[in-house]
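Notes follow the structure.
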Amino acid sequence: MTTAAIKKLFNIKDQELVPSLLSALLFFLILCGYYILRPLREEMGLNGGVRNLPWLYLANLGIMLALAPIFGAVATRWARRTFVPAVYLFFMSNMVLFFIAMKLTPDTGQLMLGRVFYVWVSVYNMWAVSLFWAFMADGFGLESSKRLFGLIAVGGSLGAVLGSTITSLFVEAVGRPNLILVSAVFMLAASLVITQLGKRLPGTATQPHAQKSDRGHFWSGMSEFLRSPYLLSIGAYLFLFSLSSTFLYFQQAEIVDAAVSSREAKAKIFANIDVWVNVMTFFIQIFLTGRLISRLGVGGVLLILPALTVVGFIGLSIAPVLPILVAFQILRRATNYALSRPARETLFTIVSRDQKYKAKSFIDTFVYRGGDMLGASAFAALGGLGMGLSGIALVAVPPAILWGLFGIFLGKKQTQQGDIK
């Protein structure tokens, strides 16, 4: 595809072409590295027992709370062009350490190492993707984000397809530790791209170094969040999304664990789901994302995923079997990545820089993982009361309806505040 065709398809202005393509390349590298690791994480989580997954979610939330103040303090004291690539280099060094640990740890310690890896990948994914979109919201304004975030998301989808395909094809041949090292190479490349992108994004190229203060800390992000009805609504939307995702995730764990026995077969199922999710995401992003956001508005697009979730959980309540689970997961995740996520990220283009990096970090970590933790606890409690997968699927329907109402509200609120600005 020529640059002229890309500019026409995504309505890109001349001065936006290079920053947009670099942003898409960056997201390609980040998600390729992550999707190499994702099926490995899912398999390691199941290997430790489905009943232990809620404890891993609790550990994930605890680590998020412990690291958030450190993350905020560093973000305040370093310029974005220095801070962002440094974070990705830090994650790359973690991958190298996991590679070494998996090579040297005896079989008796592999189960515990797998649990540590499971939690780490969850933390890494949350911050790596959240930081990327904060960087994008800082660099592009509201008007350009509605046009360009679709193209940028396409880059991520292609990376996700490649990453999950690499794992699906090579996990049995090269082994899990070597795939972790491959992921580290993509993260190194992402760090190099960021240094170039930081010079070209309109909102970051002239950005001064952040002032030393305590405003980068976790509590500052929480304060920004609690003072803004708009941010509270974003938090509620993300919380309910996370809650429904966790319900579906635990149903997936139960159904896959019952249907498939070998570890390699489970890893392959997860990798193949990822491939189909990201192939579908790619085509939606190319042909629908920008057009739907322009035609339906942000609120209309934010309503699509909750509506699909209601239908999907009703389907699982009727027949909680692997084919329906796989179809629901593919449709839901593709819709999230192609439509809901880009629309949701445009919500942050009209807030202050402090809110982009501090409040957004609080929402994407504490609020999101809070939804995870509540969903995991509720799933375990309902199962403990003797409720089966069909009944639990129906319990997830009312929160999904409420989630959709928040999407409509946020679309209207963004339009009002955007007009004022």
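The values are calculated or read from the model by the stated rules, or taken from the named source; none is laboratory data. Source: prediction; values computed, not measured. All Cβ positions, glycine included, derive from the backbone under ideal geometry; neighbour counts span all protein chains shown.
If only residues of segment 24-56 that are under 16 Å from the mean Cα position of the chain (by Cα) and over 25 Å from Ala265 (Cβ atoms) are counted, the one that is modelled with the lowest pLDDT is Ala24.
Restricting to segment 305-319, give me the number of residues that are among the β-branched types (Val, Ile, Thr), in contact (Cβ under 8 Å) with a residue 12 or more places away in the chain and either touching a helix residue (DSSP H, G or I) at 6+ places or on another chain (Cβ under 6 Å) or under 18 Å from Leu243 (Cβ atoms) (or both). Going through segment 305-319 one residue at a time, the tally reaches 3. Scanning segment 372-388 for residues being surrounded by fewer than 22 Cβ atoms within 10 Å (Cβ to Cβ) and touching a Ser or Thr at 6+ places or on another chain (Cβ under 9 Å) gives a total of 3. Among the conditions (1) crowded, with 22+ Cβ neighbours inside 10 Å; (2) under 30 Å from Arg295 (Cα atoms), Met187 misses just one, which is (2).
Here Ile180 does not fit the description of being within 27 Å of Thr289 (Cβ to Cβ) and in contact (Cβ under 8 Å) with a residue 24 or more places away in the chain. Among the residues making up segment 369-387, none is on the phi > 0 side of the Ramachandran plot and touching a residue at least 60 places away in the same chain (Cβ under 8 Å). Taking segment 305-322 as the region of interest, how many residues are surrounded by fewer than 19 Cβ atoms within 10 Å (Cβ to Cβ) and closer than 25 Å to Gly156 by Cα? Residues in segment 305-322 being surrounded by fewer than 19 Cβ atoms within 10 Å (Cβ to Cβ) and closer than 25 Å to Gly156 by Cα: 1 in total.
Conditions tested, residue by residue: (1) out of contact with any helix residue (DSSP H, G or I) (no Cβ under 9 Å at 6 or more places or on another chain); (2) small (Gly, Ala, Ser); (3) under 15 Å from Ile234 (Cα atoms).
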{"residue": "Gln355", "(1), (2), (3)": "no, no, yes"}
{"residue": "Thr365", "(1), (2), (3)": "no, no, yes"}
{"residue": "Asp372", "(1), (2), (3)": "no, no, no"}
{"residue": "Gly391", "(1), (2), (3)": "no, yes, no"}
{"residue": "Ala396", "(1), (2), (3)": "no, yes, no"}
{"residue": "Leu402", "(1), (2), (3)": "no, no, yes"}
{"residue": "Leu410", "(1), (2), (3)": "no, no, yes"}
